[in-house]
Amino acid sequence: MGIELSPESWQVLIAFGCYLIGVALLGVFSHRYLSRGSFVKEYFLGNRGLGPWVLALTVAATAISGGTFMGFPSLIYTNGWIMALWICSYMVVPLMTMALFGKRINQVARISGAVTVPDVLRDRFQSPGLGILATFLILLFLTFNLVAQFKAGGLVLKEAIRLPPAEAAFQGAEVDKDKNLVLRFRLADGREEVQRTPLPHENARFLGARPIVHEEPEVEVSFQVGGRTVTKHVRYPPQKLTLPLLGWLIDKGYLIGLLVFAGTVIAYTTYGGFWAVTWTDVLEGLVMLAGVILMAFLAIRAVPPVEVERPVVSASGQPAVVTEELRGLAAATERLRKQDPRLVYGPGPDNFLPLGLGFSFFLMWSLMGAGQPSGMVRLMSFKDTPSLRRALLLVCGYYVTTYLSLLIIFVCARAIFPTEYLRDIGSEGEPDSIMPVMAREVTRPLTVGSFRIGPLVSGLLLAAPYAAIMSTVAAFLLMISSSLVRDLYQRTINPDVSPRTMKVISYGVTALVGVVVMLGALNPPGFLQYIIVFTGTGQGCSFLVPMFLGLYWRRATRAGVIAAMLGGFLVVLGLYALGWIDSRCQAAIAEYERKVETAQARNEPAPEPPALARALDDGLRWFPGWGEKRPDRFAPLYAGGLDPLVWGFLASLALGVGVSLMTKPDPELVKKYFF
Amino acid sequence: MADREAAARLFRHARREAMVVLVVWALALAWSVGYCYLYGYEHSADSWVVQAGLAPPPDARTFRPVAGFPDWVVYGIVLPWLACTAFTIYFALFGMTDDDLGAEAEEGADRGH
């Protein structure tokens, strides 16, 4: 497949290439460690040898994922300063993720020789059933999450490559019944291709469309929204190719991005194991930090100044008005206030963050962070308590710098591009693309002499989200592999397996899991953002309380911990399932009412009513949150205005404590783990 | 015997430190969400927070940026975040104790038992 790239794209790719070479070298370097001592402990846990720098950066890099650099920026851009409250629980995340469990989980893991999180729970309560349940939940959550992360990795590289669109002729545009704008194109080979994009507003009236050439061929579409005419630029269809054997038609840029991403991350994780994952985390963590600091500096400089009038009292005591020029962040905030006052106050545009959700999100990041098995494994792997204390120092500085920088960058982005990337008003693109757009925009003026270095720096900035996704993927890949190899095969199916066989199986399974997930990401479902949130919430609610009770409470029992794990998981799953059912019911009822109106207007017989949807709607109307408007059909039920995490966590805690009090702990285990 | 005493000591220290962490978490939650709700959200004149004198009525509120941030972001989020960071540094340097994590169990890693 031929690839034609612009000189700018080549510079971006050179910057990416340098980064990928660094990652590959670290993977090779890490492999040398695997010949020391126990292979399993070295491959999956780094032989409990993490020092402060590696521990700090691996904890931070694993927690910061693609969402931090793609979804979070688009939310800041769309909703303004209220996102500071949405993310602010990261102020306590270092304490919650490291100081809450750190010492104790490391001690308990050493007592039994545990290598994985299911190992710790299984040994602490002498319960293979608990170990298998924990393994099953980890496999379930992480596999879905990995597909989404792989997709994000492919999309970032696709944006960096920016292949030109397919050769096509614009045929026309129309609005379909789902309020999507559908643009039709005729490709060079005669096939017809459509591009679908949401209307800029649900009440927008389509005025017309015409092909133009901006930086590349585009279609300019005009709308009437609330008395104003707005335009939206839609790209021509991407170049596509058919996959041999599978027969799927896939975007060529995405496929190249996915293959490069998957190839790199699977290779270094498989070859170097835990040490490769943590050492590359160090590089990725530093790339992210440097990226956000540089970008914040450039973004503040890029905000156009704004003049404001300020009332003062003159020297003679008379009230007067002076004009003041604001620059940088002050100018950005003032521009946001002038665009829409809701961007500088809560709950934000469209009631984005009411009090209940603000409270829920504080709990979400802090509790979910503490309850992630991928974070717990890192706490099992540090070498001594001074390493933990020093790592805590580094992580708190890392988070405050990263998140405050991201807030500043994308508040500035909203000031620089007031409407261009908004879904509701918008013209050029979608909010998710604001990160790569800002990377290109703020670096555009950079030169060294007469040579433009903007694209090169832009490539380095784009490497930051790529690094974030890569570090999360590598950690999850190794978690899944360890669950299959250690928890299922070695501890459940074949306890007497030889170390040599374990070595072969570990390499093979890690690579195989990566390839399977990559195949899943070739054609991923479209509602992945909710899968990511569901898997994160589910892990937090399934593992936080069981681990806390197991580590700190003598009275905790096997039955109590299993109840806590299942309770947290099922409540979260149930609220997501109810949300989906509610959306389906409301949609079916709305569709029926629309058909009835049409039938009455045409004097036709009334259609068949949706009996199941009606019955469910009548039967579940009492449930808090049922029937309320939600942002998407895959959004969960926000019972009492709170996120499912809050209810899942409360159910897990109540069941864990209640069932433990009703049963008796094993005195031998209490003696072994509580001395 | 000495090993068991060291292990028990670590447990006591870890439990005390976990309690401190939970107290800081609860204080941060109460301050940030509470302050931002009272001073960063718009409340109608007849809402209970305005009636109770906890939040300013709509006609009394003015937009006051501090160093480019809205004032409620500074007092409700930036300053508490810096305070939590300062506490975390203090806690890591002086609050947490160094303990012996104990020896690695012989059984386990290379065998499935």
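Filtered by the rule that a residue be at the interface with chain B (Cβ under 8 Å from one of its Cβ atoms) and not hydrophobic (A, V, I, L, M, F, W, C), the stretch A:330-340 gives A:Thr333, A:Glu334, A:Arg337. Residues that are in a helix (DSSP H, G or I), open to solvent by 10 Å² or more (accessible area, probe 1.4 Å), out of contact with any Gly (no Cβ under 8 Å at 6 or more places or on another chain) and of a type outside the set (D, E, K, R) within the stretch A:344-362 comprise A:Asn351, A:Phe359, A:Phe361, listed in sequence order. Restricting attention to the stretch A:307-338, the residues that are closer than 16 Å to B:Pro70 by Cα and not in a loop (DSSP other than H, G, I, E, B) total 13.
Cβ separations smaller than 7 Å between residues 6+ apart or across chains give the following pairs from the stretch A:495-517 residues that are within 14 Å of chain B (Cβ to nearest Cβ) to residues that are surrounded by fewer than 20 Cβ atoms within 10 Å (Cβ to Cβ) and of a type in the set (Lys, Arg): A:Pro495/B:Arg111. Here A:Gly397 clears all of (1) open to solvent by 10 Å² or more (accessible area, probe 1.4 Å); (2) among the small types (Gly, Ala, Ser); (3) modelled with pLDDT of 80 or more; (4) within 29 Å of A:Leu258 (Cβ to Cβ) except the condition numbered (4). So, in the stretch A:481-490, how many residues would count as being of a type in the set (A, V, I, L, M) and either within 18 Å of the chain's Cα centre (by Cα) or open to solvent by 10 Å² or more (accessible area, probe 1.4 Å) (or both)? Result for the stretch A:481-490: 2.
Of A:Arg614, A:Arg633, all but one fail to be open to solvent by 50 Å² or more (accessible area, probe 1.4 Å), under 21 Å from A:Leu357 (Cβ atoms) and either in contact (Cβ under 8 Å) with a residue 24 or more places away in the chain or touching a Leu at 6+ places or on another chain (Cβ under 7 Å) (or both); the exception is A:Arg633.
Restricting the stretch B:1-55 to residues that are more than 10 Å from chain A (Cβ to nearest Cβ) and polar (S, T, N, Q), the residue that is surrounded by the fewest Cβ atoms within 10 Å (Cβ to Cβ) is B:Ser44.
Of A:Thr116, A:Thr135, A:Thr97, A:Thr143, all but one fail to be in contact (Cβ under 8 Å) with a residue 60 or more places away in the chain and surrounded by fewer than 24 Cβ atoms within 10 Å (Cβ to Cβ); the exception is A:Thr143.
Among the residues here, A:Ala267 qualifies as hydrophobic (A, V, I, L, M, F, W, C), touching a residue at least 60 places away in the same chain (Cβ under 8 Å) and surrounded by fewer than 18 Cβ atoms within 10 Å (Cβ to Cβ). Annotation note: Cβ proximity below 9 Å between a residue of the stretch B:73-95 that is at the interface with chain A (Cβ under 8 Å from one of its Cβ atoms) and in contact (Cβ under 8 Å) with a residue 40 or more places away in the chain and a residue that is aliphatic (A, V, I, L, M) and outside any helix (DSSP H, G or I) (sequence gap 6+ or interchain) occurs for B:Cys84/A:Val92. Of all residues in the stretch A:351-397, those that are at the interface with chain B (Cβ under 10 Å from one of its Cβ atoms), of a type in the set (Phe, Trp, Tyr) and out of contact with any Cys (no Cβ under 9 Å at 6 or more places or on another chain) total 2. Just so you know, in the stretch B:96-105 the residues that are within 7 Å of chain A (Cβ to nearest Cβ) and not aliphatic (A, V, I, L, M) include one that is surrounded by the fewest Cβ atoms within 10 Å (Cβ to Cβ), and it is B:Asp98. If you check A:Gly369, A:Gly348, which single one turns out to be among the small types (Gly, Ala, Ser), touching a Lys or Arg at 6+ places or on another chain (Cβ under 9 Å) and either under 13 Å from A:Met83 (Cα atoms) or at pLDDT below 90 (or both)? Going through A:Gly369, A:Gly348 in turn, just one is among the small types (Gly, Ala, Ser), touching a Lys or Arg at 6+ places or on another chain (Cβ under 9 Å) and either under 13 Å from A:Met83 (Cα atoms) or at pLDDT below 90 (or both): A:Gly348. When the stretch A:491-505 is filtered for residues that are assigned to a helix (DSSP H, G or I) and surrounded by 14 or more Cβ atoms within 10 Å (Cβ to Cβ), the ones remaining, listed by number, are A:Arg491, A:Thr492, A:Met502, A:Lys503, A:Ile505.
Scanning the stretch A:417-443 for residues that are at pLDDT 80 or above and more than 19 Å from A:Val156 (Cα to Cα) yields one hit, A:Phe417. Being modelled with pLDDT under 95 and either more than 10 Å from chain A (Cβ to nearest Cβ) or more than 30 Å from A:Thr385 (Cβ to Cβ) (or both) is the requirement here; does B:Asp59 meet it? Criteria met by B:Asp59.
Condition check for A:Ile82 on (1) in contact with a helix residue (DSSP H, G or I) (Cβ under 7 Å, 6 or more places away or on another chain); (2) outside any loop (DSSP other than H, G, I, E, B): one failure, at (1). For the residues A:Trp580, A:Trp622, A:Trp647, the requirement of being under 29 Å from A:Ile532 (Cβ atoms), without any contact (Cβ under 8 Å) to a residue 60 or more places away in the chain and aromatic (Phe, Trp, Tyr) singles out A:Trp580.
Screening the candidates A:Ala590, A:Ala635, A:Ala606, A:Ala599 for the property of being part of a loop (DSSP other than H, G, I, E, B) and either out of contact with any helix residue (DSSP H, G or I) (no Cβ under 9 Å at 6 or more places or on another chain) or more than 19 Å from A:Val572 (Cβ to Cβ) (or both) yields one hit, A:Ala606.
Within 30 Å of A:Phe361 (Cβ to Cβ) and within 14 Å of chain B (Cβ to nearest Cβ): does that describe A:Leu620? Considered against the rule, which asks whether it is within 30 Å of A:Phe361 (Cβ to Cβ) and within 14 Å of chain B (Cβ to nearest Cβ), A:Leu620 comes out as no. Looking at (1) without any contact (Cβ under 8 Å) to a residue 60 or more places away in the chain; (2) assigned to a strand (DSSP E or B); (3) among the polar types (S, T, N, Q), find the lone condition where A:Asn203 falls short. Status for A:Asn203: all satisfied but (2). For A:Leu258, the criteria (1) surrounded by fewer than 19 Cβ atoms within 10 Å (Cβ to Cβ); (2) at pLDDT 85 or above; (3) touching a Leu at 6+ places or on another chain (Cβ under 8 Å); (4) not charged (D, E, K, R) hold in every case but one, which is (1).
What about A:Gly129, is it farther than 17 Å from A:Val545 by Cα, away from chain B (no Cβ under 13 Å), open to solvent by 10 Å² or more (accessible area, probe 1.4 Å) and over 24 Å from the mean Cα position of the chain (by Cα)? Spelling it out, A:Gly129 is indeed farther than 17 Å from A:Val545 by Cα, away from chain B (no Cβ under 13 Å), open to solvent by 10 Å² or more (accessible area, probe 1.4 Å) and over 24 Å from the mean Cα position of the chain (by Cα).
Screening A:Leu258, A:Leu298, A:Leu294, A:Leu249 for residues that are closer than 30 Å to A:Met470 by Cβ and free of Cβ contacts under 8 Å to residues at least 60 places away in the same chain leaves exactly one candidate, A:Leu249.
Of the helices (runs of 4 or more DSSP H) lying entirely inside the stretch B:1-96, the ones with 2 or more residues being not hydrophobic (A, V, I, L, M, F, W, C) are found at B:2-40, B:79-90.
The values are calculated or read from the model by the stated rules, or taken from the named source; none is laboratory data. Fair warning: this is a prediction, and the values are worked out from it, not measured in the lab. Glycine gets a Cβ as well: all are built from the backbone with ideal geometry, and neighbour counts include every protein chain shown. Areas reflect the complete protein model, heavy atoms only, side chains present, ligands, DNA and RNA absent. Shrake-Rupley method; radii C 1.70, N 1.55, O 1.52, S 1.80 Å.
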